[in-house]
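> After the structure tokens below, expect a handful of questions from me.
The values are calculated or read from the model by the stated rules, or taken from the named source; none is laboratory data. Because the structure is a prediction, the values reported are computed rather than measured. Cβ coordinates were reconstructed from backbone atoms using ideal geometry, including for glycine residues, and neighbour counts include every protein chain displayed.
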Amino acid sequence: MSRNKELGRKIRILKKIKSNRRVPGWVMMRTDRKFTQNEKRRHWRKNKLKL
């Protein structure tokens with residue numbers, strides 16, 4: 001249950017959730033599609049977090 005986690009762990013989980021997003025479209029346009037994928041993208045089933 002989420003209410004039983006300590007605050008520091010919740011903050012680390014939120015940071016990982018925010019960093020697990022795709023590259024925005026405006027970034028792709030600005031860099032002439034040089035950056036099309038987020039290299040640090042993580043799939044919830046394939047890669048587990050060490051928290």
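> Please determine whether any residue of segment 6-21 is touching a residue at least 40 places away in the same chain (Cβ under 8 Å) and not in a loop (DSSP other than H, G, I, E, B).
Looking only at segment 6-21, we keep the residues that are touching a residue at least 40 places away in the same chain (Cβ under 8 Å), and these are 9.
Add one more test, that the residue is not in a loop (DSSP other than H, G, I, E, B), and what stays is 9.
Looking through segment 6-21, at least one residue is touching a residue at least 40 places away in the same chain (Cβ under 8 Å) and not in a loop (DSSP other than H, G, I, E, B).
> Could you please give the count of residues in segment 1-45 that are loosely packed, with under 10 Cβ neighbours inside 10 Å, small (Gly, Ala, Ser) and either within 13 Å of the chain's Cα centre (by Cα) or modelled with pLDDT of 95 or more (or both)?
Number of matching residues: 1.
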